[in-house]
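**Student:** Before I ask anything, let me first share the structure, which is written out below as structure tokens.
The values are calculated or read from the model by the stated rules, or taken from the named source; none is laboratory data. Just so it is clear, the model here is predicted, and its values are computed rather than measured. FYI the Cβ positions are ideal-geometry reconstructions off the backbone, even for glycines, and counts take in every protein chain you see.
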Amino acid sequence: MSARALVVASFLFALLVSASETAAQSSGACPPLLDHEAQKLHSRERIDLCEFRGRPLLLVNTASFCGFTRQLDGLQALHERYRDQGLVVIGFPSHDFDQEADDEEVTAEICRINYGVTFTLLSPSAVARGEVNPVFAEIARQGAELPRWNFHKYVVDHEGRVTASFGSTTEPESRELREALERVLK
């Protein structure tokens, strides 16, 4: 092989390796926060949370019989306001604070009928006590505080990193939460 052919072959090989690395990065390995499957609320359907990789997220632990349950209205409003910009809102019903219905059908009815929720809701799981679900375990591993009460909100960037968290008293439509969401939507 001539020196010129060797240079061209080396260049083509380097180009091929670079293209492969770029493709792997753009397809993106699933970040640990989303590398799980979960069951949808009151459904047999399971979803692979990896389908949300590369998108900004708002994760919220919810409860049906809490004084903050009315925040479902505001969460739905955020979902409608920002979904076309890529935001995914996911609700994690939890009985950790003794305010979730024992029956998923009741939880689904409260969320969907009483509050018109159309964003993703998952089956109830632990978010702060006992064997915490893997998403909230990763939230803690990233250094964010686990919920102390219902309706704790976590803003997650495109790479699966928690960038902000807000306690129960921060309303979904508050300026602080909207600004945190708009930062990850850019």
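**Student:** Quickly run through the stretch 36-54 and pick out the residues that are surrounded by fewer than 17 Cβ atoms within 10 Å (Cβ to Cβ) and either aliphatic (A, V, I, L, M) or not assigned by TED's automatic domain parsing to the domain that holds Y154 (or both).
**Tutor:** Result: I47, single match.
Each row is one residue, and each column tells you yes or no for (1) touching a helix residue (DSSP H, G or I) at 6+ places or on another chain (Cβ under 8 Å); (2) surrounded by fewer than 18 Cβ atoms within 10 Å (Cβ to Cβ); (3) closer than 19 Å to L181 by Cα.
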residue: H79; (1), (2), (3): no, no, yes
residue: D102; (1), (2), (3): no, yes, no
residue: T107; (1), (2), (3): no, no, no
residue: P124; (1), (2), (3): yes, no, no
residue: I139; (1), (2), (3): yes, no, yes
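**Student:** Do you know which residues across the stretch 111-142 are in contact with a strand residue (DSSP E or B) (Cβ under 9 Å, 6 or more places away or on another chain) and either among the polar types (S, T, N, Q) or more than 27 Å from R81 (Cβ to Cβ) (or both)?
**Tutor:** T120, S123, S125, A128, N133, P134, Q142
**Student:** Here is a follow-up. Taking Y154 and the conditions (1) touching a residue at least 24 places away in the same chain (Cβ under 8 Å); (2) more than 24 Å from K40 (Cβ to Cβ), which numbered condition does it fall short on, given that it satisfies the others?
**Tutor:** (2)
**Student:** So which residues in the stretch 71-98 are touching a residue at least 24 places away in the same chain (Cβ under 8 Å) and farther than 23 Å from E173 by Cα?
**Tutor:** H95, D96, F97
**Student:** Go through the stretch 27-69 and give me each residue that's in a strand (DSSP E or B) and of a type in the set (S, T, N, Q).
**Tutor:** Residues satisfying the conditions are Q39, N61, T62.
**Student:** When the stretch 55-68 is examined, which residues are found to be in contact with a helix residue (DSSP H, G or I) (Cβ under 9 Å, 6 or more places away or on another chain) and surrounded by fewer than 19 Cβ atoms within 10 Å (Cβ to Cβ)?
**Tutor:** Listed by number, the list holds a single entry, F65.
**Student:** Run down D102, D98 and say which single residue is part of a loop (DSSP other than H, G, I, E, B), modelled with pLDDT under 95 and either assigned by TED's automatic domain parsing to the domain that holds N150 or not acidic (D, E) (or both).
**Tutor:** D102
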